[in-house]
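Read-outs: derived from the displayed coordinates by stated rules, not from any lab. Computed from a predicted model, the values in this text were never measured in an experiment. Every residue, glycine among them, receives a Cβ derived from its backbone with ideal geometry; neighbour counts consider all protein chains shown.
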Amino acid sequence: MARPAHLTGEETERVGYTRGPVLVGYRDTPRMLRTALVGAAGLLMLVALVEWLTGGLQFHIGPLAVSATQAGRPAVIAWALLLLVLLIDRTEDVRGRRQFVAIFLGLLLSLISLSGIRRVGDAAEYVAMGVNLARRLPPSLSGAELSRVGTFFPGDDGFQLTMPEYRGRDGRQDFPHFWFYPMLAAPFSRIAMAIGAHPIHGFIAVNLLLLFCAVVVLWTQLPLAGVLLLSASPILWWVDKAHTEVFTFALLTMAMVWIGSRPWLSLLALGACATQNPPIAGAMLPTLICALRRRGWRDARVWGGLFGGTSLALLHPLYYEARLHRWSGLDQGVHWHWPAVREVTTVLWDPNVGMVVHAPIVAAAALAALVLTIRRTPRRLFAAEHVTVLVIGMLFLLSFSQTTNVNSGGTPNPSRYGLWLLPLTIPILSDARDMWTATVMRVLVGASLAWSVFAFAPRLPDHYLTPTPIAMAVWTHWPSLDNPVAEVFAERVSGREPAPSSAVATAGCEKVLITADGTHTNWPAQCASTTVPPWCLTIGTSCYANKESRGYSFALAPGGTAPFGGR
C-alpha cells in the first residue's frame, strides 16, 4: 500500500505502514472489538432496513417491549460504529479513504433523514433568494414573490422579509444577507422544485458537496483521526440548514490547508467566504504577505489568486452600493467600539456560546499539538503559515466582538462564529502528525464523534434562550467566576430575545445584572437592592452584582452599552 503524502519515510516505519492490501496498523487492531463493532453495525443496519420497509418495528423480549419507528436512528449509530472501525484500523490507503467518505456520507444522510424541513435563523432570506435565482429571476424580490416565500414555511410566522431600508429604487426587496451562497444552491433547488420537493433540499445538496470537498482536501494534510475530528464536529448541526455555516467552514478549511502549499487557492477561498461575511476579506492580507514571503513577488499564481479572491470579495459591497447606497447589508448588525477582553474571547470559552466548551476535544487536540511542537521544534511556531493563522484568528476574534447579536439564534448553543475558528487549528494539528497514531488520541476522536452525533444532531432545535448547565451552575454557585457579555446573560436568563429588561437575575438573585440612570440603579423586582460602587452609576453602564458570603461584589458587564438582541 502506498505511503500517504503527509508522512515521511521514517514516520512510515514508525506508524507501521505496509505494502499490499493489509490495512495500516491492522496487526495491532483489537480484533474482538473490531468484530463486535462490525457485528453491531450490521445488526443495526438490518433493524433500520426492517423499520424502513415496514414503517415501524415492535416486539417483546420477555417483559421488555422494544419499539422503533424511525429507521434513521439505528442507521446513525451503525454508521458511527463503522467510522470507529476505520479509526481503530487507522485506514489510510485509497480504499480506506473511499470507505470513509461513503460511511461519512451515510452518517450525514441518516442524520438529515431524522430532521424535518424547518427554518432557523436567516434561512427564509436564503431560500427566498435561492428560489428566485432558480427561476432565473434577480435575487431581489417583488411584492408577489415575497408573498410566495411564506408557502415554503407554512405555520412559521417568526420571520420578517419586508424591510423598507433594504428596498431598491425599483421597489424590489433586498436582504441583509448576500446572494452568492443561494446562487450556488439555485440549480439544485430548481431540480428539487421540479420533482415536487422543498427548495431547501438544494441547500442541503450544496452543503453536502462543500463538506465532501473539505474532507477530500483536509485528508491531504491530516490522517483519518484528524479528518474525523474536524468534520464530525459541531458543523454537523448545520448540514440540513439553508445557512452559510457549512459554506464558510468548508472554504476556510480548504484555505487553511492550502495556506502554505497553494496560497493562491487560499486567497480564492477566502474571497469566496467574504461574499457572505465581509470581515473574512481581512484574512486575505496576511495570507498574501505569507505567500510573498514564501514564494517571492514573481509568482503569477499568487497575483492571480489575489485578483480572483478580491473580485469575489468585492461582489458584496459593490452590489449593496449599487442597489442601496450602503457598503454592506450587514452594516446594521455592527456596533463599532473598542471591546473589552471578555468580548473578544467570548466566542472562545464563554460557557454558553464558546467553541472550546462545545468542542472540547478539538481544543484539547490543538493544545496537545501546540505543546508537542514547542517541545520538539519550537522554531516551527514562527513559520510563516503559523504566524499568518495567528493574525487571522486575532482578526476574527476582534470582528466577532463588533456584532450587535452575540447571543445569536439559529444555533444549538455555540456561536456560529466559533465555527470559523475550527479550521484555524489545521496547521498546528498537521505539525504533530505522530500524535494521531496514539491510542489515547484515537479514543478521544471516537468520543468526539459520539458527542457531536449526540449534541449536534441536525434534528435538534436551536437553543439560545436558556443557560447551558455549565453556565447555570457557575452563575448559581460561583457567580464571580463568570461575567459574560450583558446580552448573553440577559437573554438566556429572561428566556427572550431581546430581553424585556436590562435588569435581570438568576432565580435566587445569586447573579444580578443591573443598570443605572446616573443617580439610581435599576434592580430586578425580586432582588433587594444595595449600595453600588460609583462606577456602576454611569448612564448606559451595566454591572453585575455577584452574591458572596457578606453581600455582593460588583463587576462591569462587558458590552453593557450595546443594544440587546438583533436579527
Global geometry of the range 210-323, whether rounded, prolate or oblate, following the gyration tensor of its Cα atoms and the 1.5 cut on a/c:
oblate
Hey, can you rank 230-237, 508-515 by average C-beta count inside 10 Å, highest first?
230-237, 508-515
Per-bin percent of Cα-Cα distances, the range 125-202 [10 Å]
20, 53, 25, 2
Taking Cα atoms only, helix 245-258 is inclined relative to the longest principal axis of the chain by an angle, in degrees rounded to 10, of 60 degrees
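Which ordering of SER189, SER502 is given by a fewest-first count of other beta-carbon atoms within 10 Å? Kindly include the intermediate steps, with their values, before the conclusion.
Working: SER189 28, SER502 19.
Least crowded to most crowded, the residues run SER502, SER189.
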Using Cα-only point scatterers and the Debye equation, what is log10 of I(q)/I(0) for the range 268-411 at each q in 0.09, 0.17, 0.21 Å⁻¹, rounded to two decimals?
-0.37, -1.17, -1.32
Expressed in angstrom and rounded, the centroid-to-centroid distance over alpha carbons for the range 490-535 and the range 376-417 is 31 Å
Spherically averaged projected area of the range 469-556 from its Cα convex hull (nm²):
5.3 nm²
Any chance you could check the Cα centroid distance between the range 108-156 and the range 175-217 for me, in angstrom?
11 Å
In degrees from 0 to 90, rounded to the nearest 10, what is the angle of the helix 360-376 Cα long axis to the longest principal axis of the chain?
70 degrees
Where does each of 123-134, 388-399, 291-302 land if you order them by average Cβ count within 10 Å, highest first?
123-134, 388-399, 291-302
Proxy exposure order for TRP79, TRP219 (fewest C-beta within 10 Å first) is TRP219, TRP79
With a Förster distance of 41 angstrom and the Cβ-Cβ distance between ASP331 and VAL216, calculated FRET efficiency to the nearest 0.05 equals 0.70
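How high is the FRET efficiency between SER311 and TRP338 when r is their beta carbon distance and R₀ equals 41 Å, given to the nearest 0.05? Don't skip to the end; give the middle numbers.
Values: r = 33 Å, r/R0 = 0.79.
In this case the efficiency is close to 0.80.
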From the mean inverse distance of alpha carbon pairs (Kirkwood) and the Cα radius of gyration, derive Rg over Rh for the chain.
0.98
Equivalent-ellipsoid semi-axes of the range 190-251, from the Cα gyration tensor, Å, largest first
26, 11, 8
Once you treat every alpha carbon in the range 123-455 as an equal point and sum by Debye, what is log10 I(q)/I(0) at q = 0.13, 0.14 Å⁻¹?
-1.03, -1.19
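How far, in nm, would the chain grow between VAL387 and ALA197 when pulled straight, counting 0.36 nm per residue and subtracting the alpha carbon separation?
Values: separation 190, 0.36 × 190 = 68.40 nm, distance 4.68 nm.
Computed gain between VAL387 and ALA197 is 63.7 nm.
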Taking Cα atoms, the helix 123-134 axis meets the longest principal axis of the chain at an angle in degrees (rounded to 10) of 60 degrees
Residues VAL94, VAL504 in order from fewest to most other beta-carbon atoms within 10 Å are VAL94, VAL504
Gyration tensor (alpha-carbon) shape descriptor, the range 354-422, a/c threshold 1.5:
oblate
How much mean residue ellipticity at 222 nm does the chain get from its helices, if each DSSP H run of length 4 or more adds -39500 (n - 2.57) and you divide by all residues, to the nearest 500 deg cm²/dmol?
-16000 deg cm²/dmol
Please work out the Cα center distance from the range 221-269 to the range 300-372, rounded to the nearest Å.
14 Å
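What FRET efficiency comes out for the pair LEU372/ALA450, r = Cβ-Cβ distance, R0 = 25 Å, nearest 0.05? Numbers along the way, then the final one.
Numbers: r = 25 Å, r/R0 = 1.00.
Efficiency, from the Cβ-Cβ distance: 0.50.
Sort the range 405-512 into rounded, prolate or oblate with this rule: let a ≥ b ≥ c be the square roots of the eigenvalues of the Cα gyration tensor; rounded if a/c is under 1.5, and if a/c is not under 1.5, prolate when a/b is larger than b/c, oblate otherwise.
Values: a/c = 2.36, a/b = 2.07, b/c = 1.14.
Here the range 405-512 falls in the prolate category.
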Over the chain, cysteine residues that find no other Cys C-beta under 4.7 Å are CYS213, CYS273, CYS290
